[in-house]
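Q: Dumping the structure here so I can ask a few things about it.
The values are calculated or read from the model by the stated rules, or taken from the named source; none is laboratory data. Only a predicted model underlies this, so the values are computations on that prediction, with no experimental measurement involved. Backbone-built Cβ (ideal geometry, glycine too); neighbour counts: all protein chains shown.
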Amino acid sequence: MLSLFSKQPKAIVARAQDDYATKLRLKYKPYYHAMEAQQGTRITLDGREMVMLSSNDYLGLSFHPQVIESVATATRRWGTSTTGARISNGSRGYHTELEEKLAAFLDREACHVSVAGYISCCSAVASFAQKGDVIVADKNIHSCLWDGVRLSMATVERFSHNNPADLREVLQTIPAKTPKLMVVEGVYSMEGHICQLPEIAKLAEESGSFLVLDDAHGLGVLGRQGRGTADHFGVNAQVDLVCGSMSKSLAATGGFVAGSRDLIEYLRTNSKQTIFSAALSPAMAAVASTSLDLLQSEPEHLDRLWRNTRRYRELLHGLGLDTWGSETPAVPIVLGSKEAVYRFWQALLKKGVFTVMSIAPAVPPGKDLIRTAISARHSDEDFERIAEAMAYAVKQL
Ligand SMILES: Cc1ncc(COP(=O)(O)O)c(C=O)c1O
């Protein structure tokens with residue numbers, strides 16, 4: 001007989017305690033490393049100084065003196081938090097200033113910022129698609145976009161990664177009158193691939209699909225002064241919405257959605273992620289705003305980022321490593337099995353280089369890899385350390 005006062009452990013507690021993936025993570029400790037200190041590209045972990053080779057601080061602005069100073073100034077002026085949502089008591093002048101600056105930079109009429117790229121990108125999909133629509137998605141899009149897909153209640157059709165020919169075939173199976181939302185990324189950070197945006201945008205035009213571009217890893221990296229992937233290809237006008245993160249090249253945290261005024265006002269009315277979440281903090285808005293200024297006034301960071309990227313790719317290819325055809329500063333090292341990835345990652349760690357493992361099912365079977373990313377701030381000394389560590393890790397395979 002069922003008893004309300006059963007002595008059995010609660011089913012959900014038992015499931016959490018028995019979770020195999022969690023047990024494995026706690027045993028091998030590959031993730032959640034709490035670093036004791038950081039200065040630029042150098043971190044301290046377990047008392048040892050290491051080179052950080054997997055952060056998305058592409059332009060290296062997170063230790064820029066002007067960026068750091070802007071946090072203190074903004075906090076003195078606005079306090080630490082608005083403690084409220086934008087729709088109610090949380091909107092401030094610093095939000096609208098940042099939105100206008102970002103919109104102008106991206107050549108858009110309007111922009112809306114939030115506390116995380118995850119929230120912004122999720123809302124860029126969830127707020128615009130609805131039941132009865134079809135979302136056509138690159139199969140490798142980020143988790144936040146998949147969450148947006150699910151929340152929208154629309155039907156989803158996947159096309160093979162960055163493959164306009166397959167996209168064309170998928171579009172042919174959807175009735176012409178069905179509203180369609182197409183979603184792609186500007187730069188796929190797991191693979192380092194640049195989106196085939198001109199072909200995809202053309203297909204969006206021809207099929208009447210609303211095109212959403214998540215440019216989290218394209219902003220600050222591609223295009224004039226880092227204006228992103230649409231600018232890089234000159235197809236800005238064919239993209240309906242650009243969303244992204246401020247936690248990468250802009251060295252802050254937070255996210256944005258940019259588009260026409262009508263679309264952004266519609267988002268502000270309909271996005272639950274906006275209506276029910278507290279506003280971006282003064283400190284993080286100040287960081288993003290100052291970084292945007294630096295993208296335009298100090299082009300040397302972008303130049304150095306690409307010089308470093310070419311140098312790094314040559315180094316890896318010289319060692320015979322497979323970088324999955326990466327064309328950007330996000331450079332995977334594909335090793336093909338979780339055992340090889342673990343050995344390689346440990347060897348790098350031993351030689352003072354910090355990277356991140358990515359194994360199936362997070363990547364397709366046989367594509368188990370080490371995630372690395374280059375920054376404008378990586379110095380000659382960093383490169384020496386990286387070269388030595390990579391050569392050593394290759395020998396351990
Ligand atoms: C493509 C893409 N979109 C969105 C996000 C989420 O951004 P954030 O980390 O600012 O929440 C990320 C970050 O991992 C990303 O890679």
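Q: Out of all the residues in region 92-112, is one or more among the polar types (S, T, N, Q), outside any helix (DSSP H, G or I) and modelled with pLDDT of 95 or more? Spell out the reasoning first.
A: Going residue by residue through region 92-112, those that are among the polar types (S, T, N, Q) are 96.
Narrowing the set further to residues that are outside any helix (DSSP H, G or I) leaves none.
Taking every residue of region 92-112 in turn, none turns out to be among the polar types (S, T, N, Q), outside any helix (DSSP H, G or I) and modelled with pLDDT of 95 or more.
Q: Let me ask something else about it. Please name all residue pairs, on different chains or six or more residues apart, with Cβ atoms under 7 Å, provided the first residue is in region 77-89 and is more than 13 Å from Ala283 (Cα to Cα) and the second residue is of a type in the set (A, V, I, L, M, F, W, C) and part of a loop (DSSP other than H, G, I, E, B).
A: Sorted first by the residue in region 77-89, then by its partner, the pairs are Gly84/Ala279; Ala85/Phe276; Ala85/Ala279; Arg86/Ala279.
Q: Can you find, within region 104-119, the residue that is farthest from the ligand (Cβ to nearest atom) among those that are surrounded by 20 or more Cβ atoms within 10 Å (Cβ to Cβ) and of a type in the set (Gly, Ala, Ser)?
A: Ser114
For (1) small (Gly, Ala, Ser); (2) surrounded by fewer than 24 Cβ atoms within 10 Å (Cβ to Cβ); (3) more than 21 Å from Leu295 (Cβ to Cβ); (4) in the same structural domain as Ser120 (by TED's automatic domain parsing), each residue gets a yes or a no:
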residue	(1), (2), (3), (4)
Ala176	yes, yes, yes, yes
Val187	no, no, no, yes
Gly208	yes, yes, yes, yes
Ala230	yes, no, no, yes
Phe233	no, yes, no, yes
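Q: If we keep just the residues of region 240-253 that are under 17 Å from Asp293 (Cα atoms) and not in a strand (DSSP E or B), which is nearest to the ligand (Cβ to nearest atom)? If you could, list the steps in order and put the result at the bottom.
A: Residues of region 240-253 under 17 Å from Asp293 (Cα atoms): 245-253.
Next, from what is left, pick out any that are not in a strand (DSSP E or B): 246-253.
Values: Met246: 7, Ser247: 4, Lys248: 7, Ser249: 11, Leu250: 10, Ala251: 11, Ala252: 9, Thr253: 6 Å.
It comes out as Ser247.
Listed here are the residues, each with its yes/no results for (1) at pLDDT 95 or above; (2) under 12 Å from the mean Cα position of the chain (by Cα); (3) of a type in the set (Gly, Ala, Ser); (4) within 14 Å of Ile141 (Cα to Cα).
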position	(1), (2), (3), (4)
Ala165	yes, no, yes, no
Glu169	yes, no, no, no
Lys177	yes, no, no, no
Lys180	yes, no, no, no
Glu206	yes, no, no, no
Asp214	yes, yes, no, yes
Gln225	yes, no, no, no
Asn236	yes, no, no, no
Asp240	yes, no, no, no
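Q: (1) of a type in the set (D, E, K, R); (2) surrounded by fewer than 23 Cβ atoms within 10 Å (Cβ to Cβ); (3) under 21 Å from the mean Cα position of the chain (by Cα): which one isn't true of Arg377, the others all being true?
A: That leaves (2) as the condition not met.
Q: Is it the case that region 219-239 has a residue that's assigned to a strand (DSSP E or B), more than 26 Å from Leu305 (Cβ to Cβ) and touching a Leu at 6+ places or on another chain (Cβ under 9 Å)? Outline the logic, then answer.
A: Let us first name the residues in region 219-239 that are assigned to a strand (DSSP E or B), namely none.
Scanning region 219-239, I find no residue that is assigned to a strand (DSSP E or B), more than 26 Å from Leu305 (Cβ to Cβ) and touching a Leu at 6+ places or on another chain (Cβ under 9 Å), so the answer is no.
Q: Also, quick follow-up: Given the structure, is Ser245 of a type in the set (S, T, N, Q) and either without any contact (Cβ under 8 Å) to a residue 40 or more places away in the chain or crowded, with 24+ Cβ neighbours inside 10 Å (or both)? Break it down into steps so the answer makes sense when it comes.
A: Details: of a type in the set (S, T, N, Q): yes; either without any contact (Cβ under 8 Å) to a residue 40 or more places away in the chain or crowded, with 24+ Cβ neighbours inside 10 Å (or both): yes.
The answer is yes for Ser245.
Q: Of the residues that make up region 27-38, is at least one touching a helix residue (DSSP H, G or I) at 6+ places or on another chain (Cβ under 9 Å), part of a helix (DSSP H, G or I) and at pLDDT below 95? Full working, then the answer.
A: Here is the first cut: in region 27-38, the residues touching a helix residue (DSSP H, G or I) at 6+ places or on another chain (Cβ under 9 Å) are 28, 30-32, 38.
If we keep only those that are part of a helix (DSSP H, G or I) too, we end up with 28.
This time we only want the ones that are at pLDDT below 95, so: 28.
Yes, some residue in region 27-38 is touching a helix residue (DSSP H, G or I) at 6+ places or on another chain (Cβ under 9 Å), part of a helix (DSSP H, G or I) and at pLDDT below 95.
Q: If I filter region 75-82 for residues that are surrounded by 17 or more Cβ atoms within 10 Å (Cβ to Cβ) and either outside the structural domain of Gly254 (by TED's automatic domain parsing) or away from the ligand (no atom under 16 Å from the Cβ) (or both), do I get at least one hit?
A: Pass one, region 75-82, residues surrounded by 17 or more Cβ atoms within 10 Å (Cβ to Cβ): 78, 82.
Those left that are additionally either outside the structural domain of Gly254 (by TED's automatic domain parsing) or away from the ligand (no atom under 16 Å from the Cβ) (or both): 78, 82.
Yes, because at least one residue in region 75-82 is surrounded by 17 or more Cβ atoms within 10 Å (Cβ to Cβ) and either outside the structural domain of Gly254 (by TED's automatic domain parsing) or away from the ligand (no atom under 16 Å from the Cβ) (or both).
Q: Take region 193-218 and flag every residue that is in a strand (DSSP E or B) and within 16 Å of the ligand (Cβ to nearest atom).
A: His193, Ile194, Leu211, Val212, Leu213, Asp214
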